[in-house]
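Reading through the structure tokens given below for one structure.
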Amino acid sequence: MGNNEETELVEKAKSGEMWAFEKLIRRTSGKIYNLGLKLLRNKEDASDLMQETYIKAYQHLNSFRGNSAFATWLYRIATNLALMKMRRDKQQKVSVETLKETSSYSMIKEMPDWTHNPVSYFKKQEMKDILNKAIDSLPSKYKSVFVLHDMEGFPIAEVADMLSLSEPAVKTRSHRSRMYLREKLAEYFNQGVKAQSGQG
Amino acid sequence: MDNELEDELRSLMREHFLVCRKCMSLLNTMEKTICFSREMNKAEKVPSKVISRVCYEIHVRYEKKEKK
């Protein structure tokens with residue numbers, strides 16, 4: 001959607017033209033729904049998050065000043081709503097201490113570089129489950145940084161803005177999350193290599 | 001990886017990666033971890049009934065607001 005077209009639709013929606021807001025919903029819903037899937041990991045919760053996000057966006061439409069893209073503003077609302085939901089969730093998370101340890105350079109174990117193994121060598125669904133389970137076990141503030149920065153591709157500065165964090169804080173959380181997930185994948189790959197070579 | 005380094009520091013790091021197997025492996029595995037996380041979670045289409053439900057909810061609220 002072009003910037004001018006988006007600004008026009010937002011202005012029309014602000015003045016009460018429902019069709020314009022509906023058009024904005026149809027154009028941005030894919031992004032918000034998929035963000036919900038990544039953060040909350042099920043379709044029902046992603047749908048509910050999408051609905052809450054648009055209702056909140058509608059209620060606060062007049063506070064949208066157009067300093068960022070409309071979709072970015074929606075991402076911010078959706079992420080904060082998802083964070084509230086995740087905090088209520090009692091699921092066991094990996095401790096911040098473990099994340100700190102995994103990411104400390106002196107603690108990095110010498111591990112084989114598994115990146116030369118073709119993905120087809122491993123069971124894709126199994127790998128997906130392991131990776132997503134590891135992502136889900138990250139504390140919510142780490143998970144949201146990983147999803148927004150590494151999976152959705154937002155720059156550090158935008159993620160910091162969306163989550164009301166400093167840029168160094170986002171970088172630290174991003175680094176720790178990456179190192180933890182890398183280690184979880186390495187465990188999986190190493191087991192696979194052992195099994196293939198008859199050692200496991 | 002995030003394209004946030006100054007050119008000078010980036011080329012110093014590149015030189016280091018050529019001689020340090022540990023760091024090279026760290027970089028490769030980290031990049032691949034991110035790549036897998038993206039690949040394994042491809043975008044899904046929003047069910048049209050979900051979009052309709054959201055639009056309906058907003059309509060109801062709009063109408064209420066206008067009646068007030």
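Bear in mind that the values in this text are calculations on the coordinates, not laboratory data. In this text the structure is predicted, and so the values were computed from the model without any measurement. No Cβ is skipped: glycine too gets one built from the backbone with ideal geometry, and neighbour counts run over all protein chains shown.
Annotations
- Between A:ARG65 and B:ARG10, the FRET efficiency estimated from the beta carbon spacing at R0 = 41 angstrom works out to 0.70.
- Every Cα-Cα pair in the protein assembly as shown was counted, and those over 32 Å apart are 33% of them.
- When A:ILE55, A:ILE25 are arranged by Cβ crowding within 10 Å, least crowded first, meaning fewest neighbours, the order is A:ILE55, A:ILE25.
- Residues B:VAL46, B:VAL60 arranged by fewest to most Cβ contacts within 10 Å: B:VAL60, B:VAL46
- Secondary-structure-derived ellipticity at 222 nm for chain B, considering helices only, amounts to -25500 deg cm²/dmol, per-run term -39500 (n - 2.57) for DSSP H runs with n ≥ 4.
- Shape of the stretch B:1-46, Cα gyration tensor, a/c cut at 1.5: oblate
- The modelled label-to-label distance between A:LYS43 and B:TYR62, using points 7 Å beyond Cα along the C-beta direction, is 2.8 nm.
- Efficiency of FRET between B:CYS35 and A:ARG88 - r from beta-carbon atoms, R0 25 angstrom, step 0.05: 0.20
- Calculated on C-alpha atoms, the gyration radius of the stretch A:1-109 divided by its Kirkwood radius gives an Rg/Rh of 1.13.
- Rounded tilt (10° steps) of B:21-39 against the dominant C-alpha axis of chain B: 20 degrees
- Set A:LYS85/B:LYS32; A:LYS133/B:LYS45; A:LYS100/B:LYS42; A:LYS85/B:LYS42; A:LYS31/A:LYS85 screened for pairs whose C-alpha atoms are more than 26 Å apart: A:LYS85/B:LYS32; A:LYS100/B:LYS42
- Spacing of the two label points (7 Å from each Cα toward its C-beta) at A:THR72 and A:GLU17, in nm: 2.5 nm
- Orphan Cys of chain B, criterion: no other Cys C-beta under 4.7 Å: B:CYS35, B:CYS55
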